[in-house]
Amino acid sequence: MRSLHKENRSPFIVLVLLWFMGIGHMTAQITDQPETAVPAEGEEEPIYWTVKAHRPDAQLMDIKAIDKKGNRHEVRAIQQSSDASMLSVKAMVDGEALPIKLVEKGGEQFYPVKAIDHDGFLIGIKAETETGGLLDVKGVSQTGNIVHLRAINKYLKYYNIIAISPEGKVYDVKGLKMLDTPVETVINGVRIFAHVKSLAQ
């Protein structure tokens, strides 16, 4: 895999993606407030896909959101309708569905994957090993507007990130860039490099 870098993308593709995701002014300060995990009256019941890390030669590992107290929270891809071509990926924390994004990496080699609460606090996204250990989930490379996410162990062995539906369908979980700028938007004071979505393989 090659390192992250900018690539020119078709304006048409960018416009289609912007329309599809309903995102307007990408560089503006926005308040992406957490969503309740309980649907409002009259809304369609969402379908929750589990999010896992895997390699063909290894067992599946759960992806968790780890707060500052060390509490482990579920991470889910959420299907809101029969159109399942692209799913939001959220951290389910205390009854709220928090957005998960790739944030600015600062001096790090890879882009961190974090959940963001309404106060702008970052919650780590990790893969949980069968022995209870935790592996960082990072954006490690980029192809066009897609950022490849991997769980990484201490030997720099990579694990793919996937979402699995209750019926056993498998989607990739990827970072999605829409602009050729280092910062896509600002959410609750946090500068965002890319969005995290589950996409049909």
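Read-outs: derived from the displayed coordinates by stated rules, not from any lab. This is a predicted model, so every value here is computed, not measured. With ideal geometry, Cβ positions are generated from the backbone for all residues, glycine too; neighbour counts draw on all protein chains shown.
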Could you work out how far apart the two model spin labels at Lys157 and Lys169 are, taking each label as a point 7 Å from the Cα in the direction of the beta carbon, and quote it in nm? 3.2
Rank Ala91, Tyr155, Gly107 by how far each Cα sits towards the positive end of the charge dipole of region 62-201 (+1 on Lys, Arg Cβ; -1 on Asp, Glu Cβ) and give me just the farthest. Tyr155
What is the Å³ per residue value for the convex hull set by the Cα atoms of region 105-174? 149
Suppose R0 equals 35 Å. What FRET efficiency, 1/(1 + (r/R0)^6) with r the Cβ-Cβ distance, do Ser81 and Arg191 give to the nearest 0.05? 0.70
Sort Phe121, Phe193 so that the residue with the fewest other Cβ atoms within 10 Å of its own Cβ comes first and the one with the most comes last. Phe121, Phe193
So, in nm, how far is label Gln201 from label Asp119 when the simple model puts each one 7 Å beyond its Cα toward the Cβ? 4.0
What is the spread of the Cα atoms of region 151-201 along each of their three principal axes, largest first, in whole Å? 35, 32, 21
